[in-house]
1. What are the GluC sites (Glu not before Pro) within region 31-113 that DSSP puts in a loop, where the Cβ has at most 16 other Cβ atoms within 10 Å?
2. Under 10 Å, Cα contacts only: if you run a Gaussian network model on the chain, which one of Ile24, Ile60, Ile76 comes out with the highest mean-square fluctuation?
3. Using only Cα atoms, tell me the angle between helix 70-84 and the longest principal axis of the chain; keep it within 0 to 90° and round to the nearest 10.
4. Given a 1.4 Å probe and every protein chain left where it sits, what share in percent of the accessible area of the chain is carbon and sulfur?
5. Using only Cα atoms, find the angle between the long axis of helix 32-54 and the longest principal axis of the chain, and express it within 0 to 90 degrees, rounded to the nearest 10.
6. Among [x] 1.06; [y] 1.03; [z] 0.95, which is the computed Rg/Rh (Cα atoms, Kirkwood Rh)?
7. For the chain, with every protein chain kept in place, what is the accessible area per residue (1.4 Å probe, Å²)?
8. Using modelled backbone amide H atoms (1.01 Å from N, in-plane), which distant-in-sequence or interchain residues come within less than 5 Å of Ile90's amide H?
Amino acid sequence: VELFVDVDDKGQGFLVARRRDRVIHVTEQMSKGTREQLFLALRIAAIERYVETSGPVPVIFDDVFVESDDARCVEIFTALGELAAKTQVILLTHHHHLVKVGRQALGDMLRVQELASAKLTLRAAA
């Protein structure tokens with residue numbers, strides 16, 4: 001529910017999170033999936049701030065769902081959908097099941113462009 005920066009004995013800043021139960025965790029104490037989602041949220045916030053001050057720019061995300069279960073994927077799609085209301089968002093993934101998850105979160109707002117199989121392209125080139 002809260003993020004803040006603390007400073008260690010050497011004067012180096014580090015990120016600290018406080019959970020709903022008031023327990024404090026440094027990022028190293030979080031699961032890999034939680035860290036990935038936290039840093040994705042921070043990237044989205046930075047992009048939103050940039051767009052507010054400098055204007056819209058295309059943003060490309062590549063497989064941001066790797067450490068997430070379907071419930072968290074819905075939340076990520078929702079956050080990216082909110083960002084897409086402010087700027088162009090392009091999401092790359094090779095996980096076909098995420099189309100269904102994305103539709104669950106975004107409905108018709110999700111546009112899917114499937115690319116041709118790389119195997120066919122590589123065979124033709126060989």
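The values are calculated or read from the model by the stated rules, or taken from the named source; none is laboratory data. On a predicted model such as this, the values are computed, not experimentally measured, just so you know. Positions of Cβ are generated from backbone atoms using ideal geometry, with glycine treated the same way; all protein chains shown enter the neighbour counts. Only protein heavy atoms, including side chains, enter the accessible area calculation; ligands, DNA and RNA are left aside. Shrake-Rupley method; radii C 1.70, N 1.55, O 1.52, S 1.80 Å.
1. Filter output for region 31-113: Glu67.
2. Of Ile24, Ile60, Ile76, the most mobile in the Gaussian network model is Ile24.
3. Helix 70-84 sits roughly 90 degrees off the main axis of the chain.
4. C and S atoms contribute 54 percent here.
5. Tilt of helix 32-54: around 80 degrees.
6. [x]
7. 74
8. Here Val59, Ile60, Phe61 satisfy the definition.
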